[in-house]
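Some notes on the structure that comes next.
Values quoted throughout were computed directly from the atomic coordinates according to the rules given, and no laboratory measurement underlies them. The structure presented is a predicted model; accordingly, all values stated were derived computationally and were not measured. Methodologically, a virtual Cβ is constructed for each residue, glycine included, from the backbone with ideal geometry; neighbour enumeration extends over all protein chains shown.
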Amino acid sequence: MRKAGSEALLIASNTMHCLVQSIETRSGLPVLHIADATGRALQDKGCRAPLLLGTRFTMEQDFYRRRLQTQFGLEVVCPDEAGRARVHQVIYDELCQGVILDESRDALRQIIAQTLPQGVDSVILGCTELGMILSSCDELPPIFDTTALHVGMALDWMTLA
């Protein structure tokens, strides 16, 4: 890839960032990390305790949370077991199939509401499909769409590099 002129890589998936180290090692190129774009945006808005919504892999493995915690000092919260299962189900059984249901949107909002007593001050849409069903609204804490943030990061990198 480097011989072809590539200077960096972009992985357009939150979950696949679990492979960043392997990809960087094998390619010899840096990966513009989606969690870095997210962490910077959260810091810029003064958010400290985001709720992470995503696939089970993203919510349950530590590759994403750990990066946000160590690089940005964030206290990342994930839904409880039932909430994680429901978010995962909505992503794979509905959104990946192009299905958007009002009852699923309501369920996701309920999952968010259940975490507010834990001090959650923001929501990370840690799956590229979640922006199809959730967006900022008055009754929710600020929402950070990782897809839009990652694209912005890539554009900044390309124009400033």
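All told, Arg48 meets the bar of being under 27 Å from Leu134 (Cα atoms) and of a type outside the set (Asp, Glu). Listed here are the helices (runs of 4 or more DSSP H) enclosed by the stretch 72-161 that have at least 2 residues being touching a strand residue (DSSP E or B) at 6+ places or on another chain (Cβ under 7 Å) and under 24 Å from Ile11 (Cα atoms): 146-160. Checking each residue in the stretch 34-62 for being assigned to a loop (DSSP other than H, G, I, E, B) and closer than 17 Å to Thr115 by Cβ picks out Cys47, Arg48, Ala49, Gly54. The residue of the stretch 21-80 that is nearest to Gln110 (Cα to Cα), among those that are among the aromatic types (Phe, Trp, Tyr) and crowded, with 19+ Cβ neighbours inside 10 Å, is Tyr64.
Considering only the stretch 58-68, I want to know if a residue exists there that is among the aromatic types (Phe, Trp, Tyr), in contact with a His (Cβ under 7 Å, 6 or more places away or on another chain) and under 22 Å from Ile34 (Cβ atoms). Yes, the stretch 58-68 contains at least one residue that is among the aromatic types (Phe, Trp, Tyr), in contact with a His (Cβ under 7 Å, 6 or more places away or on another chain) and under 22 Å from Ile34 (Cβ atoms).
Here's a check for you: in the stretch 6-33, which residue that is among the charged types (D, E, K, R) and part of a helix (DSSP H, G or I) is nearest to Leu52 (Cα to Cα)? Only one residue fits best here, namely Glu24. If you check Glu81, Glu75, Glu129 for being under 14 Å from the mean Cα position of the chain (by Cα) and acidic (Asp, Glu), only one passes: Glu129. Among the conditions (1) free of Cβ contacts under 8 Å to residues at least 60 places away in the same chain; (2) buried (at least 20 other Cβ atoms within 10 Å of the Cβ), the only one that Phe144 does not satisfy is (1). Checked against (1) under 15 Å from Thr58 (Cβ atoms); (2) among the hydrophobic types (A, V, I, L, M, F, W, C); (3) surrounded by fewer than 20 Cβ atoms within 10 Å (Cβ to Cβ), Leu160 passes all but a single condition, namely (1). Taking the stretch 88-129 as the range and being in contact with a Cys (Cβ under 9 Å, 6 or more places away or on another chain) and touching a residue at least 40 places away in the same chain (Cβ under 8 Å) as the test, the residues that pass are Thr115, Asp121, Ser122. The C-beta contact set for the stretch 23-34 (first residue under 13 Å from Arg67 (Cβ atoms), second residue among the hydroxyl-bearing types (Ser, Thr, Tyr) and surrounded by 15 or more Cβ atoms within 10 Å (Cβ to Cβ), distance under 6 angstrom, 6+ apart or interchain) comprises Ile34/Thr146.
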